[in-house]
Each structure stands twice: as structure tokens, then as C-alpha cells.
1. Quick one: order His94, His82 by neighbouring beta-carbon count within 10 Å, fewest to most.
2. Give, as a single signed number, the net charge of other residues whose beta carbon lies under 14 Å from the beta carbon of Arg59, with Lys and Arg counted +1 and Asp and Glu -1.
3. For region 120-219, state which trypsin sites (Lys or Arg not before Pro) are in a DSSP loop and have at most 12 other beta carbons lying within 10 Å of their beta carbon.
4. Sort Trp40, Trp120, Trp109 so that the residue with the fewest other Cβ atoms within 10 Å of its own Cβ comes first and the one with the most comes last.
Amino acid sequence: METMSDNLSDNPSRPYREERLASNIVLMGGMSSGKSAVGWLLARLLGYGYFDLDALVVRRAGKPIASIFEEQGEAYFRDLEHQALVELAPARSHVIALGGGAVVRDDNWDIIAGLGTLVWLNPPPEEIARRLAVHGPARGGKTEAALRSRPLLADLADVPDLELRQKQLLERIKALVGQRADRYKKAHIVISDTFSTPESTAALIRDELIKYGSFKPGHEHRPFDRWHIL
Ligand code: S3P
């Protein structure tokens, strides 16, 4: 069977790095940085498969993340998250959206670093806070739901003063990104601008991947080793 590496090794002058082309695109970043919204669009643009680490954990646990935190605690969630990463490790030609905190544990990082090209979605914290608040009272009060579904922000849903809540939300987002920044900064590609739509961000990342040598235009629908989680 012809493999991707056979094709690529035919042309020694190609600017692409074989191992980069054959591996995954990993989206890292804080909560609401756009990893999931952008991830599946990017996968479609590249012709790759798509995995969302949080979704895998939810599927395995059979309940939402907020319930896992509430009923079994964060440490249990982190163990499930690690297990999901172990299962993902053999994946190839996938876009993989990580949960914001997945980068913290060293045993996770060992896996993540080997998954492929790392992309840090790093919009300004103000933009993240704005996104989380945009469904506020004027839009039916969905901010509370958005906060409650994120265990590390959930307590802020109980702050009645909206101005104070927004201030605390911004501080919390800054603190979480700050705690994880050493890992996020190891990304090969950083996307820092305030993007207007998930589509435009996906297109921007695709352009950056081409420049970095992790994606080759025209190979969008090339066959890849389909890899499934059972
Ligand atoms: C977390 C981020 C969440 C989810 C969990 C913990 C974190 O994922 O994994 O609530 O520690 O930042 P998203 O970044 O996709 O919201």
C-alpha cells in the first residue's frame, strides 16, 4: 500500500517536514478561546478527523463536565482527561481540541508534545470575558448557564452585580491563562488576534500551518490513517 511518507520522500526539495505532515494539529488555550468552535471547522478545511478532548471525557463518564466536578471532584476529572489523552496518543491527521487545563499535568504534557503541531489560541482575556458575557440578561440570561457549565467559573454565576461579576471573570480568566502560560508558550503557532468568526480563525490557522510546513495545500482530501476511538 502506498503511504503518505512514500509520496513525500519522492521529492527531496519539498519544504514540508514529513513528520509534521503526518501528525496532528493540537489546539490549546484557555476556556472559550475558540478551540472547539474553530477545531471542527479547521478539520473540515484540512480534510482531517476531529477530536474534542472534553467531549471524549463526557462520553466516557456519561455525564457533563460540571456534574463530574460536582460529584467526583476535579482530581477525578483530571484522571479521566489523562485517560482520554492516552487513548488519543496514536491518532494521526486529526485536529485535536484540548480542554484548557489539559496541559498542566506533566504526564499529559509528555503525550501532548508528541501529538503534532501545537497551536495556542490566545485571544485577549477581555475578548474571552466579553464572549462569555455576550449572552447576558438582554439575551435571556444565558451568561449564568455559560458560567455554570464551566466548573472553574461556576461560582461567578452567583455574583448578582453584573459589573463586579464581569471584573471578577476577567481576573479569573487572566489568572488561569497565566498559570498555564508556560505550557501554552511552547506552541509552534500562536494566534493572538481578536478574530471575528470561527471560520476566519480556522482559515488563518490553515495559512499558518502551511507556512510552518505542517500542511500542504491540495492535500485536503488525501487519505489518512483513520483512527477511531471505540
Ligand atoms: C477546564 C477547561 C474546560 C474543561 C474543564 C476544565 C480548565 O475546557 O476541560 O471545565 O481547566 O481550564 P474548555 O477549555 O474547552 O472550556
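1. His82, His94
2. Summing Lys/Arg as +1 and Asp/Glu as -1 gives -2.
3. Answer by residue number: Lys185.
4. Trp109, Trp40, Trp120
Coordinate-derived values only; no laboratory data. The shown structure was predicted, so the numbers you read here are calculated from the model rather than taken from an experiment. Cβ atoms come from the backbone with ideal geometry, glycine included; neighbour counts cover every protein chain shown.
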